[in-house]
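All remarks here apply to the structure that follows.
The values are calculated or read from the model by the stated rules, or taken from the named source; none is laboratory data. Keep in mind that this is a model prediction, so the values were computed, not measured. All Cβ positions, glycine included, derive from the backbone under ideal geometry; neighbour counts span all protein chains shown. Note: accessible area is taken over every heavy atom of the protein model, side chains too, but ligands, DNA and RNA are not part of it. Shrake-Rupley method; radii C 1.70, N 1.55, O 1.52, S 1.80 Å.
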Amino acid sequence: MINITDKSVEEKIPPILRLGFRPFFLLGSIYAIIAVTIWVWAFQTGQPKYLDVPALWWHVHEMLFGFSMAIVAGFVLSAVQNWTGVKGTSDKRLGFIILLWLLPRVLFWTQAPLWLISSIEALFMLAIAYEVGFRVIKTKGVRNFFFIPLFLVAIAVNFASYATIKGLPPFTSAAVWESMLWWFTLLISVMGARVIPFFTARRFQFEKAQPMMWLEALCNIPLAMLFILSFFPLTSAEISPYLMVIVGSAQLVRMTRWKGHKTLSEPLVWSLHAGYLCIPLSLLIRGFASNGFISHTAIHLFAIGALGGVILAMIARVTMGHTGREIYKGPVMWPAFSAIILAAVIRSVGVIIFPEYMIDMINIAAVLWAFAFGLFVWHFAPMLCKKRVDGHPG
């Protein structure tokens, strides 16, 4: 049983601050629209006047450490309550963590020094690691202990990303971004294997496929190796394509055991499978890529389809469940789920096949992305800002 505060105390907390998923899912989704819109404009018009870092650097950084990390924060700050039975972060403490996330988003458009912005971001991720860590350690939840080093690694990588602007480390910004993409790939691989087959089997009433240790190792160990190789470009150029083919093939095999073909009648489930499918497909395309353009462009199949798609499906599901609603009786979201997958295909496969129409396809993909997250905000913002319908805390 979760050790929560009594109802009288809970009622004094604004609903938006009662659990981490509420503010971070809402702000992260709004920022997803803002950040992509700004980037598409900057990509076609040039460096924004008031942006004090290179526009391309800002785009990648904000999609990873701005949008995606906000959603991860909201998820783990909420899920750790279920994992450990210890009440999740809320009220002023949660508000302070939100401020740590929000400040860098604003400070990039000022003359604030990079050391200050990077330090605030480090404090944000350190706070998440602490909030998860002390609960996991207190309850000896060994299974979820990996989140602590995972966030510490992200802090180090983030500092490295700022240093590349000044040309300080012996590697480029591209190497740093590559490593964080593998960071998120590994995170989705581990968490996806936990929840996607479980949700699928539970919804469609069949026995969940039990994990096979050798297959789990093939799906995750090469991703950790790819993360490390990102900082050694010469070695990575020789080895990484083979690792991508191996892990991409293993991921496909693992997915077949989840029986995604049975989910077409339920958008909240097929959307998870569709988004996750972008991981092995992008890995295989990049592994077999004949040139750097194809490999770079295929990254967007993961960044939009897997990262954006899985995020969109998960935040819709989590919001329904954690606000006391019946998960499968929510707003109509299949147009949003379809839009995000279509955006991924257009921005990656479409540009690879028809590079001469790249600008048009980027614009179309951006509109689809904004539509998808805009639909989430439209339907779910009221749920996130109001107390649970069942009267329970959270």
Report task. May I ask you to give the percent of accessible area on the range 186-393 that is carbon plus sulfur, with a probe radius of 1.4 Å? Result -> 71 percent
Report summary line: Note: residue 143 to residue 203 extended length (0.36 nm per residue) minus current alpha-carbon separation gives 19.1 nm
Requested in this report: Give the value in nm², to one decimal: projected area of the alpha carbon convex hull of the range 186-393, averaged over all directions.
Outcome: 12.9 nm²
Query raised in the report: Going toward the positive end of the dipole of the chain, with +1 on Lys and Arg Cβ and -1 on Asp and Glu Cβ, which of 74, 306, 149 do you reach last?
Result: 74
Report task. Just the ratio, please: alpha-carbon radius of gyration of the chain over 2.2 N^0.38 Å, N its number of residues. Result -> 0.95
Query raised in the report: Among 349, 193, 389, which residue has its Cα positioned farthest towards the positive end of the charge dipole of the chain, with +1 placed on the Cβ of Lys and Arg, -1 on the Cβ of Asp and Glu, and the dipole taken about the Cα centre?
Result: 389
Report summary line: Whole-percent tail of the Cα-Cα distance distribution for the range 33-182, cut at 24 Å, equals 36 percent
Report summary line: Calculated from DSSP helices alone, with each H run of at least 4 adding -39500 (n - 2.57) and the total divided by the residues of the chain, [θ]222 nm to the nearest 500 comes to -23500 deg cm²/dmol
Report task. Send over a whole-number figure in Å² for the accessible area per residue of the chain, probe 1.4 Å. Result -> 44 Å²
Query raised in the report: Given a 1.4 Å probe and every protein chain left where it sits, what share in percent of the accessible area of the range 17-171 is carbon and sulfur?
Result: 72 percent
**Report entry** residue 261-residue 332 pseudo-label distance in nm [points 7 Å out on the Cα-to-Cβ vector]
**Finding:** 2.9 nm
Requested in this report: Can you tell me the dipole magnitude for the range 17-171 around its Cα centre, using point charges on the Cβ only (Lys, Arg +1; Asp, Glu -1), in Debye to the nearest 20?
Outcome: 560 debye
Requested in this report: Round to a whole angstrom and tell me the spacing of the C-alpha centers of the range 1-70 and the range 351-377.
Outcome: 20 Å
